[in-house]
């Protein structure tokens, strides 16, 4: 028998059960490290599972940040001061270190130094990238939208993409299998990806052929 949860049941659920359930039901999500920098030059690195493609022309990426009323996160505070950031893939061989960035650190502490994640500056971009990451994206925050639940959607314009040649395919797709790039479910369960197949573009004629 399936478990059924209706909206009037949600508040009666155990807090952490509810968080895990709502975070997991949409499936695996990309796990990324977002790097930002304060106006005093302190780097922040934080793990996010909410990064989403918003369009290719112009190239936009978005991610959500929790409500900021009780405590402003370092990522949000930094992006208020300096709109530039980097988004970096998480390889399966440094999941443990990446996960530690979900902890709370003092604003004057850099997760690069406290956790031992390697940073690297590339292509004259002002914000550091994660050296271990196979996919590195430099962006500028251009807009924020407050959502009905007080979370904030940050919309960013892509300024630079750096991808390891070993995982960049001729058609522009990424070979996630060979890239050993991690995905996340909920708040703390990590997965590796496995490609099943590549299908052709669906045209009107191909739909007519289905019987």
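Nothing in this text is a laboratory measurement; each read-out follows from the coordinates by a stated rule. Small disclaimer: the values here were computed from a predicted structure and weren't measured. All Cβ positions, glycine included, derive from the backbone under ideal geometry; neighbour counts span all protein chains shown.
In a GNM of the chain with a 10 Å cut-off on Cα contacts, which of 139, 199, 60 has the highest mean-square fluctuation?
Taking springs between Cα atoms under 10 Å, the residue moving most is 199.
Within segment 15-52, find all residues whose amide N lies under 17 Å from a label point positioned 7 Å from the Cα of residue 9 along Cα-to-beta-carbon.
Output list for this probe position: 15-26.
Send over the per residue convex hull volume for segment 150-211, Cα only, as a whole number of Å³.
So the per-residue Cα hull volume is 240 Å³.
Among 1, 196, which comes first, then next, by fewest other beta-carbon atoms within 10 Å?
Lowest count first: 1, 196.
Based only on other Cβ atoms within 10 Å, what is the fewest-to-most ordering of 4, 163?
4, 163
Please give the direction-averaged projected area of the C-alpha convex hull for the chain, in square nanometres with one decimal.
With every direction weighted equally, the projected area is 16.0 nm².
For a quick check, take a GNM of the chain with Cα springs below 10 Å and name the residue from 150, 111, 131 with the largest mean-square fluctuation.
Among 150, 111, 131, the largest GNM mean-square fluctuation belongs to 150.
Cut-off is 10 Å between beta-carbons; in what order do 66, 71 appear when sorted fewest neighbours first?
71, 66
Please tell me the relative contact order of the chain in percent, rounded to the nearest whole number, where contacts are Cα pairs under 8 Å and at least six residues apart.
Relative CO of the chain lands at 22 percent.
For segment 1-54, calculate the relative contact order in percent as a whole number, restricting contacts to Cα pairs under 8 Å that are 6 or more residues apart.
That works out to 25 percent.
Percent relative contact order of segment 80-193, based on C-alpha pairs within less than 8 angstrom and at least six residues apart?
Worked out over segment 80-193, it gives 26 percent.
In the Gaussian network model of the chain, springs joining C-alpha atoms below 10 Å, which of 39, 23, 124 carries the largest mean-square fluctuation?
Highest fluctuation of the listed residues: 124.
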